[in-house]
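The values are calculated or read from the model by the stated rules, or taken from the named source; none is laboratory data. Computed from a predicted model, the values in this text were never measured in an experiment. All Cβ positions, even for glycine, are placed from backbone atoms using ideal geometry, and neighbour counts span all protein chains on display.
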């Protein structure tokens, strides 16, 4: 299976959002990645329900919603109703993670768990068999355009081994600092989904940038 590319709408042109939605629709991208930040869990504020509903109205590909918020359980149903096909909550923000995962399952969305750069992969051991996606942060969350943390490579390999050990079907998503140089190495380490913001939207031809990422992440036998 080829690596999925999920352009991060946090880096899109907010003054012409429909244009960038159309670009993603027409490109080789697989998902729309949407970061939700509350100014508490991370030092920034971003999309709310109205914007996600607006994106969903025009999007022809699944919405991958990454919740960087405290107490995400309160809002899971609202995000599912807004159009989320995938919801990732932070392990650091969930007191009762099993219950949160069960709630996502009941809502009919793919259940994801995100981990910050400082969080050990081993903390996922008790839930890895019950989730669909692990969103591994390869920068400290809160802002786009940050430098990729190289220790991510070894964490991806460790997570891949845990997934195999636990007979899990979870896919590994990398979020932060993904570019044309590290996409291939991340795929070789075991990444299944690459989130890219500035690499796509700051490119002279964003649609071409998606294709370049897709090709860079392709693993040849």
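Some notes on this structure:
- Residue count for segment 151-174 satisfying the condition of being surrounded by fewer than 18 Cβ atoms within 10 Å (Cβ to Cβ) and either within 17 Å of residue 8 (Cβ to Cβ) or modelled with pLDDT under 95 (or both): 0.
So that you can scan it fast, the table gives a plain yes or no per residue for (1) modelled with pLDDT under 95; (2) surrounded by 14 or more Cβ atoms within 10 Å (Cβ to Cβ):
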site	(1), (2)
4	no, yes
8	no, yes
14	yes, no
33	no, yes
36	no, yes
41	yes, yes
44	yes, yes
49	yes, yes
56	no, yes
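- Residue 178, sole failed condition from (1) part of a helix (DSSP H, G or I); (2) within 15 Å of residue 30 (Cβ to Cβ): (1)
- Residue in segment 189-196 that is within 27 Å of residue 14 (Cα to Cα), in contact with a helix residue (DSSP H, G or I) (Cβ under 8 Å, 6 or more places away or on another chain), part of a helix (DSSP H, G or I) and at pLDDT 95 or above present: no
- Residue ID - surrounded by the most Cβ atoms within 10 Å (Cβ to Cβ), chosen from residues in segment 137-147 that are in contact with a strand residue (DSSP E or B) (Cβ under 9 Å, 6 or more places away or on another chain) and without any contact (Cβ under 8 Å) to a residue 40 or more places away in the chain: 137
Yes or no, residue by residue, for (1) part of a loop (DSSP other than H, G, I, E, B); (2) within 15 Å of the chain's Cα centre (by Cα); (3) within 27 Å of residue 47 (Cβ to Cβ):
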residue	(1), (2), (3)
160	no, no, no
167	yes, no, no
174	no, yes, yes
185	no, no, no
207	no, no, yes
211	no, no, yes
214	no, no, yes
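- Per-region count, segment 190-211, residues farther than 26 Å from residue 162 by Cα, surrounded by fewer than 20 Cβ atoms within 10 Å (Cβ to Cβ) and in contact (Cβ under 8 Å) with a residue 24 or more places away in the chain: 4
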